[in-house]
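As structure tokens, the structure follows; a few thoughts come after it.
What follows is calculated from the coordinates using simple rules that are stated; it is not laboratory data. Note that this is a predicted model, so its numbers are computed, not measured. Neighbour counts run over all protein chains shown; Cβ positions are idealised from the backbone, glycine included.
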Amino acid sequence: MHFKPKNWAGLVTSLIILLVAGGLLIAFVRNNAVTATVSNLNLRRGPGLTYAVTTKVAKNSRLTIIGEKDNWYHVRDSQNHFGWVASWLVDHPGKLTHATTLSEATIVLDPGHGGSDSGALSIDQKHDEKTYTLELAQRVARLLRAKGAHVIMTRNSDTTVSLAHRPELANTHQADAFISFHFDSSPTDNLASGTTTYYYHRKTSYALAQAVNQEMNDLPLTNRGIRYGNFEVIRDNRQPALLLEMGYINTKKDFNDIRNAHYQETVANNVVQGLSRYFTTQH
Ligand SMILES: [Zn+2]
């Protein structure tokens with residue numbers, strides 16, 4: 001039995017095709033499996049926090065991905081349980097060891113203003129509201145990510161973002177919460193003081209307003225409570241949405257806190273506490 005040189009070439013080509021196809025198949029199967037690297041991971045009935053938990057996944061177990069929607073994976077575990085898992089919590093790259101309801105949440109954070117829209121001016125006329133809304137939102141983002149939550153920022157630098165785009169991000173990502181950060185301004189300097197929690201849609205957002213506002217009583221600024229506010233970023237939001245005014249930037253007392261890292265970190269911690277309790281009691 002012998003091959004002509006032409007047939008040898010054909011055989012080698014076939015072998016190469018076979019090896020490449022086999023390699024791709026193995027890669028495909030591998031890419032469609034993920035590991036539960038954190039404990040207490042839920043499988044849910046649908047792709048989101050609002051769906052019921054069907055089972056918990058044992059840590060280090062392998063999950064086969066059979067579908068994907070809204071950043072959640074439809075998976076099958078080794079015991080043939082089917083369900084949906086938050087995609088950012090599998091093969092988790094961070095230090096998180098234990099998932100919570102907060103970890104499963106997608107949260108849109110909206111630092112008010114930015115870019116060509118500087119927001120209100122500080123009492124000393126030297127600082128813009130947009131600077132502190134970004135600092136505060138970034139602190140909240142860091143704390144939430146450390147707890148495993150999926151955080152989306154409407155802006156992460158001093159850029160111009162339209163008002164319409166902000167709630168749109170929450171709507172398209174089916175966010176579990178949206179929080180817009182602002183600092184108030186009164187017509188006359190040093191006229192007003194304190195923090196206010198605004199909601200627009202009572203049905204979707206009032207419970208979130210209560211949970212977050214309850215945490216705002218340990219601040220050096222007076223908690224002015226929960227109010228209805230007709231702001232586009234919360235009005236055009238289909239998701240639970242708040243707008244927080246965390247002090248008056250044109251009041252000397254308030255501005256001293258607004259620019260203070262300790263005040264910002266306390267507010268950020270309070271927001272995270274409020275969100276955590278909200279998700280634990282709602283879902
Ligand atoms: Zn503002």
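Dividing the convex hull volume of the alpha carbon atoms of the chain by its residue count gives 173 Å³ per residue. Per-residue Cβ neighbour counts within 10 Å put Met216, Met246 in the sequence Met216, Met246, beginning with the fewest.
When the listed pairs Lys56/Lys95; Lys126/Lys147; Lys147/Lys252; Lys203/Lys252; Lys69/Lys95 are checked against a 27 Å cut-off, the alpha-carbon distance exceeds it for Lys126/Lys147; Lys147/Lys252; Lys203/Lys252. Judged by the mean number of other Cβ atoms found within 10 Å, the most tightly packed of the peptides 178-190, 152-164, 33-45 leads the ranking 178-190, 33-45, 152-164.
Per q in 0.14, 0.29, 0.30 Å⁻¹, report the Debye log10 I(q)/I(0) for segment 33-89, using one uniform scatterer on each alpha carbon and no solvent. Ignoring solvent entirely, the Cα scatterers give -0.28, -1.34, -1.43. Applying a length cut-off of 30 Å (Cα extent along the axis) and a mean Kyte-Doolittle floor of -1.0 to the DSSP H helices of the chain leaves 5-31, 261-282. Rounded to the nearest 20, the Cβ-based charge dipole of the chain about its Cα centre (Lys and Arg +1, Asp and Glu -1) stands at 1320 debye.
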